[in-house]
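The values are calculated or read from the model by the stated rules, or taken from the named source; none is laboratory data. None of the values given here were measured: they were computed from a predicted structure. Quick reminder, even Gly has a Cβ in these numbers, built from the backbone with ideal geometry, and neighbours come from all protein chains shown. These accessible areas exclude ligands, DNA and RNA; they are computed on the full protein's heavy atoms, side chains included. Shrake-Rupley method; radii C 1.70, N 1.55, O 1.52, S 1.80 Å.
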Amino acid sequence: MLRSGPVKHTMEIAGRPCFRRLLASAFRCQLNSKAFSTTSVVLQSEGAAKSTIDEAAKRQRKSEWKRKQGGQSFLDHVIINVRGGKGGDGCAAFHREKFVPFGPPSGGNGGRGADIHILPTPHLTTLSSIPKKIVGDSGKHGQGTWQNGKNAAPYVLRVPLGTIVRELPLDDPRRTKDEWAAEEESLEGLDDEDRKLKMRDKRWLHYPGAADSNMDRESFLNAEATQYKLERERRVLRRRRALQQPIRLDLDKEEIIERHVDAPLGIKQKEPLGQLVAAGGAGGVGNTHFLTTENRSPKFATRGQDGERITLELELKLLADIGLVGMPNAGKSTLLRALTGGRAKTEVAGYAFTTLNPVVGIVRVAEDGTWEGSISGQEVHDETWVEEQEEAKRMQDGEYAYALTRNEQATEDEYLVKMGKGHHFDVYEAFRFTIADNPGLISEASEDRGLGHSFLRSLERSPALVYVVDLSAPNPWEELQVLREELEKYQPGMSSRARLVIANKADLLAGVGSPEAVQEARNKLRQLEEFVDREMPLPEGRKLTVVPTSAKFSQNLDKVVSLMQEYVVEARQAP
């Protein structure tokens, strides 16, 4: 009885419908938990797959962006559409206060839209950061109680020094439509009544409930006629300016506003804005503007005007004192790194077209002729990947844990110890000049082969050019002849600015190697000098100087820096 009782009781409970439902619910929960765990695994796998797809799409977008730029992040030519900010709308309001239920018109005027300025800055070296479409901010709307809207802050577009700005002509298909042509395009396909209503809605703002009554008032019709007349005058003036005085800017100098020595204290220093290229639209006027003796309660105001719309062509011509010209893999990047003490971040590798973007480096010289790269402590400039591996190994071995800082290293040099601890080369710098490392030229580069015109234009503004040839090549004088011909084909007379021929990779001339190899290198140098004297004369009887160097091992670079400094001083003193 004691055993059969509980068993029987349990069987009775199990036979009840509520217990059967409880078991079914527990079974479903167990199935759901298994399904949930399976689903979580599936979701995790789907999430990993989605992450992989997103990463692939990101790489695809990046490669597509690179492809559109020709495999480079440097841009020296771009076309942008510029639009000034729209003016704020005027306000149609009436003054209301206690005991004044019907006050006078009190609508304020709208603020002016943002003007677009272009400002050259030395901190940029490429046009790749310039947006293709620029729209200025709109002005604030006017409000009641005679409150005028705030003008929008001007938009300053910063471009590199050496940028040339040109406005595309009116007949150029790449030019964007002005505000009136854009409005005409939006009105296509509408009948006359709808066109009139849409044009009025763009230009006028009515007091609530007074739109229909304003259309029949003579004061509104006269104001509308005056508004259209002013618009026609603005359009004629704008077109005349675009035809007779298009925008042509040569931004080769940094704009600096000097504060007067007698200026009162506490006055904020004005920041340079640059050149105005697109004016913002004027703000609309409130209903107080239309108050006359005949119309004491005007119930309409004007909307803000659209800003100017123009299309500009930006072309960057680098401003470097010295431009390096050479065939691919001639050692120009290594030379620039050696002259700047490793500060110029150029890619160095043992294959052609390593440099895809022009790089500008600064060479700093002291009064006694010492230049910064000669005391930097880095005498051998190897390929980039080799130096990165060596630096990573030093980092892993902990060599940098107790390494001296740059200033502490400077005090260990005999030349720097007299300056005192903590000082660096900028203390006794007496002269500096810039050098541009340009991508290698090939035959028919003037016909846009290889990197072509993309970087030949970056040499136009360099007052002095320096040829860099590979002395280890079989016939280095043939490379020199090709370089000169390509410069002349691109721009006649451009090769006359050459001042120096650097015979790079002349390591054997230092006596390291077999006697036969050393003698062969000397014979090549002699033939190169004879070719330069015979085939490459300069105007006014000047001759090109040939200097053998080894940029990798920083050999014979003192003479190169000295000659470059003379060329830069001569160019800067020229009228």
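Here are some notes:
- In the range 319-337, the residue that is farthest from Asp250 (Cα to Cα) out of those that are open to solvent by less than 10 Å² (accessible area, probe 1.4 Å) and part of a loop (DSSP other than H, G, I, E, B) is Ala330.
- Every residue from the range 284-312 that is over 28 Å from Leu243 (Cβ atoms), assigned to a loop (DSSP other than H, G, I, E, B) and open to solvent by less than 30 Å² (accessible area, probe 1.4 Å): Gly284, Gly286, Asn295, Pro298
- Residues of the range 524-555 that turn out to be part of a strand (DSSP E or B) and open to solvent by 60 Å² or more (accessible area, probe 1.4 Å), as a count: 1
- Among residues of the range 474-497 that are in contact (Cβ under 8 Å) with a residue 40 or more places away in the chain, those with a beta-carbon under 9 Å from a residue that is among the aromatic types (Phe, Trp, Tyr) and crowded, with 17+ Cβ neighbours inside 10 Å at least six positions away or on a different chain give the pairs Pro476/Phe531; Trp477/Phe531; Glu479/Tyr467; Leu480/Tyr467; Leu480/Phe531; Gln481/Phe531; Leu483/Tyr467; Arg484/Tyr467.
- The single condition among (1) part of a loop (DSSP other than H, G, I, E, B); (2) touching a residue at least 12 places away in the same chain (Cβ under 8 Å); (3) among the aliphatic types (A, V, I, L, M); (4) out of contact with any Gly (no Cβ under 8 Å at 6 or more places or on another chain) that Ala263 does not satisfy is (2).
- Leading residue by the ranking (nearest to Ala330 (Cα to Cα)) among those in the range 483-495 that are in a helix (DSSP H, G or I) and either open to solvent by less than 40 Å² (accessible area, probe 1.4 Å) or of a type in the set (Ser, Thr, Tyr) (or both): Leu483
- Of the helices (runs of 4 or more DSSP H) that lie entirely inside the range 129-248, those containing 1 or more residues that are open to solvent by less than 90 Å² (accessible area, probe 1.4 Å) and either touching a Gly at 6+ places or on another chain (Cβ under 7 Å) or under 17 Å from Asp306 (Cβ atoms) (or both) span 179-186, 192-203, 218-244.
- Residues in the range 421-473 that are among the aromatic types (Phe, Trp, Tyr) and either part of a strand (DSSP E or B) or modelled with pLDDT under 70 (or both): Phe425, Phe431, Phe433, Phe455, Tyr467.
- Filter result for Ile257 (modelled with pLDDT under 85, of a type in the set (Val, Ile, Thr) and open to solvent by 80 Å² or more (accessible area, probe 1.4 Å)): no
- Flag for Thr126 being surrounded by 17 or more Cβ atoms within 10 Å (Cβ to Cβ) and part of a loop (DSSP other than H, G, I, E, B): yes
- Any hit, the range 110-119, residues being part of a loop (DSSP other than H, G, I, E, B), within 21 Å of Gly284 (Cβ to Cβ) and touching a helix residue (DSSP H, G or I) at 6+ places or on another chain (Cβ under 8 Å): no
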